[in-house]
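Worksheet: one structure, shown below.
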Amino acid sequence: AFNALLKTLEEPPASVKFILATTEPHRLPETILSRCQRFDFRRISLKEIVQRLSDICVREGLKISQGALIAVAREADGSMRDAQSLLEQVLSCFGTEQQSELDETQLQEILGLAERRMLFDISESVIANDGKRCLELVAQAAEQGRDLTRLSKDLLEHFRNLMVARLCGQKNPKKLAEEERAELLDLPDQEVIALGSQAADVSIDTLLDYFDLMAAGEE
């Protein structure tokens with residue numbers, strides 16, 4: 001198949017342009033790669049997505065809080081298209097005629113997202129070895145109709161972030177360097193500080209154990 005493609009690339013029709021998209025460029029032969037212009041796409045940062053969504057909201061007349069925009073951007077997981085699709089869902093529910101500002105709690109209800117506060121509460125209970133409180137929080141999530149599979153995935157990401165915050169903030173747990181935040185924790189400043197504070201007194205080995213347990217549970 002690659003040989004056939006190579007022949008086509010060597011003698012392309014003048015009116016045709018080929019676009020090859022792959023997540024495994026290392027599997028393409030050098031003979032193919034050498035005849036292509038290569039563009040490596042990356043995930044878009046949370047800050048860039050929030051800024052773009054904010055511009056759209058201003059243009060569409062939607063009153064929405066910064067926290068709600070961050071929640072949409074986080075849910076999009078680096079995809080601007082997904083972020084705009086989620087924002088469109090919110091617009092279809094609220095329209096542009098609402099009087100009050102749409103906040104993070106309302107948005108979480110619309111999109112069915114796990115509340116970030118609950119993630120911090122559960123992890124705090126785990127760190128404190130408070131099993132009863134953990135069970136109460138999970139039961140509360142179930143009673144509220146939360147997707148427990150999604151909650152498990154969010155918890156896994158949360159413990160990963162706690163571990164990264166602990167590793168990067170060993171000298172000053174409550175304040176990670178700006179470049180470290182951008183590279184390893186694509187999160188709002190306030191949440192990064194909260195992660196650093198919660199992980200400050202927990203050993204890295206303990207956090208790694210928690211992460212491994214969460215990963216096994218999520219599977």
- Would you please state which residues of region 14-57 a label at residue 7 would reach in this model, taking the label point 7 Å out along Cα→Cβ and a backbone N cut-off of under 18 Å? 14, 29, 31-32
- Query: If you place +1 on the Cβ of every Lys and Arg, -1 on the Cβ of every Asp and Glu, and leave all else neutral, what size is the dipole of the chain about its Cα centre, to the nearest 20 Debye?
  - Reply: 620
- Projected area averaged over orientations for region 1-118, convex hull of C-alpha atoms, nm²: 11.1
- Rg over Rh, two decimals, region 50-129 (C-alpha only, Kirkwood Rh): 1.05
- In whole angstrom, how long is each semi-axis of the equivalent ellipsoid of the chain, when you take the square root of 5 times every eigenvalue of its Cα gyration tensor and sort them from largest down? 38, 26, 18
- Of the GluC sites (Glu not before Pro) in region 1-108, which ones lie in a loop per DSSP and count no more than 10 other C-beta atoms within 10 Å? 97
- Taking amide hydrogens as modeled 1.01 Å from N in the peptide plane, which residues meet the under 5 Å criterion relative to residue 102, leaving out close sequence neighbours? 63, 64, 65
- For 16-23, 188-195, 138-145, 156-163, ranked highest to lowest by mean beta-carbon neighbours within 10 Å, the order is 156-163, 188-195, 138-145, 16-23
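Bear in mind these aren't lab numbers, they're just calculated from the coordinates by the rules spelled out. Worth saying up front: this structure is predicted, and the values here are computed from it rather than measured. As a convention, Cβ positions derive from the backbone with ideal geometry for all residues, glycine included, and neighbour counts pool all protein chains shown.
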